[in-house]
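The values are calculated or read from the model by the stated rules, or taken from the named source; none is laboratory data. Note that this is a predicted model, so its numbers are computed, not measured. Cβ placement follows ideal geometry from the backbone for every residue including glycine, while neighbour counts extend to all protein chains displayed.
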Amino acid sequence: MSTNKSFGIVFFIVFIIIALYPLLNQGNLRIWSLIISFLFLILGLLNSKILTPFNKLWFKFGIILGKVFSPLIMGIIFFFVITPIALLMKVMKKDLLNLKFNSKKTYWIERTDSESSMKNQF
């Protein structure tokens, strides 16, 4: 499974960052994280089947995060972006989509601009 190789290398990078981060603030090297990072590197480069259950678990964790956070983010965008714009349009009495009932025979909109060609569209 080639994803085991990628998984091992990614977690090597994650744990090496965790190990080396305290050095930025004149702290001590995290030995436990350094050992885990090189373990992931070795297993990843060998494309070891030992990483398969961890890889599957990580994949399932990502699926769960996607199912939880996607609706949450979309809800936040809806209520903080779309709803205020809609309220502003109602206050200004704008009907951009022509949704109001009309007593005309047809809802067809006649063009008032001149005919255009399909050359130089952009």
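Things to note:
- Answer from S48, S117 - the residue that is of a type in the set (G, A, S), farther than 27 Å from T3 by Cα and at pLDDT below 95: S117
For (1) farther than 30 Å from F12 by Cα; (2) assigned to a loop (DSSP other than H, G, I, E, B); (3) in contact with a Gly (Cβ under 6 Å, 6 or more places away or on another chain), each residue gets a yes or a no:
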site: G62; (1), (2), (3): no, no, no
site: L72; (1), (2), (3): yes, no, no
site: I82; (1), (2), (3): yes, no, no
site: K90; (1), (2), (3): yes, no, no
site: N98; (1), (2), (3): yes, yes, no
site: T106; (1), (2), (3): yes, yes, no
site: I109; (1), (2), (3): yes, yes, no
site: S117; (1), (2), (3): yes, yes, no
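- Segment 21-52: number of residues that are surrounded by 15 or more Cβ atoms within 10 Å (Cβ to Cβ) and assigned to a helix (DSSP H, G or I): 10
- Residues in segment 53-75 that are of a type outside the set (A, V, I, L, M, F, W, C) and either surrounded by 13 or more Cβ atoms within 10 Å (Cβ to Cβ) or touching a Ser or Thr at 6+ places or on another chain (Cβ under 9 Å) (or both): N55, K56.
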